[in-house]
Amino acid sequence: MHIVIAKRMKTAKQMERHLKGIANHYRIEILLTIAERDSMTLEDIIEAVGANEKTLGEHTRRLYQAGLINKKYRGKFVEHSLSPYGKKFVHFLKSFQQT
C-alpha cells in the first residue's frame, strides 16, 4: 500500500510574509547568526551583530512575527532559535550568498 501525502502550497500572500521578514540586512544577519548556534538570547545576538539593543529587539520581533524564528522564555531571558521556515531561508541565503 502506497500513501501519498499532499503538501499544501503557500499562497503568494503567505510567501510575502516570510520574504518581508528577511527584507533587512540586520534581519538577514540575525538569521545567519542564530543558524551558527542552536539558540541565542537577545544579549548574545547584540554581542554577535554589534548593534543597538532596541534595533535588534525590533528586528527579532519582526522575524518572530514572520514565522522565521521561535522564542522560548527561560526566566528573565528569551532564547531565539530558527523555525523550520527560518532554516529554509538560511539555506536559501547561504546559497544565494555564494553566487
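None of the figures in this text is laboratory data; all of them are computed from the coordinates on show. Everything quoted here is computed from the prediction, not taken from an experiment. So basically every Cβ, Gly included, is an ideal-geometry build from the backbone, and we count neighbours across all protein chains shown.
Within segment 66-95, residues that are in contact (Cβ under 8 Å) with a residue 12 or more places away in the chain and crowded, with 16+ Cβ neighbours inside 10 Å reach partners that are part of a strand (DSSP E or B) and small (Gly, Ala, Ser) with beta carbons closer than 6 Å, at six or more positions or on different chains, in the pairs ASN70/SER81.
Scanning segment 6-35 for residues that are under 12 Å from TYR85 (Cα atoms) and touching a Lys or Arg at 6+ places or on another chain (Cβ under 7 Å) yields a single hit, GLY21.
Selection of segment 47-63 for residues being within 12 Å of ILE34 (Cβ to Cβ) and either in contact with a Lys or Arg (Cβ under 6 Å, 6 or more places away or on another chain) or among the β-branched types (Val, Ile, Thr) (or both) yields VAL49, HIS59, THR60, LEU63.
Looking only at segment 21-40, which residues are out of contact with any Ser or Thr (no Cβ under 8 Å at 6 or more places or on another chain) and either buried (at least 21 other Cβ atoms within 10 Å of the Cβ) or touching a residue at least 40 places away in the same chain (Cβ under 8 Å) (or both)? Across segment 21-40, the qualifying residues are GLY21, ILE22, ARG27, ILE28, LEU31, LEU32, ALA35. The set of residues in segment 40-83 being among the polar types (S, T, N, Q), farther than 20 Å from HIS18 by Cβ and outside any strand (DSSP E or B) consists of ASN52, THR55.
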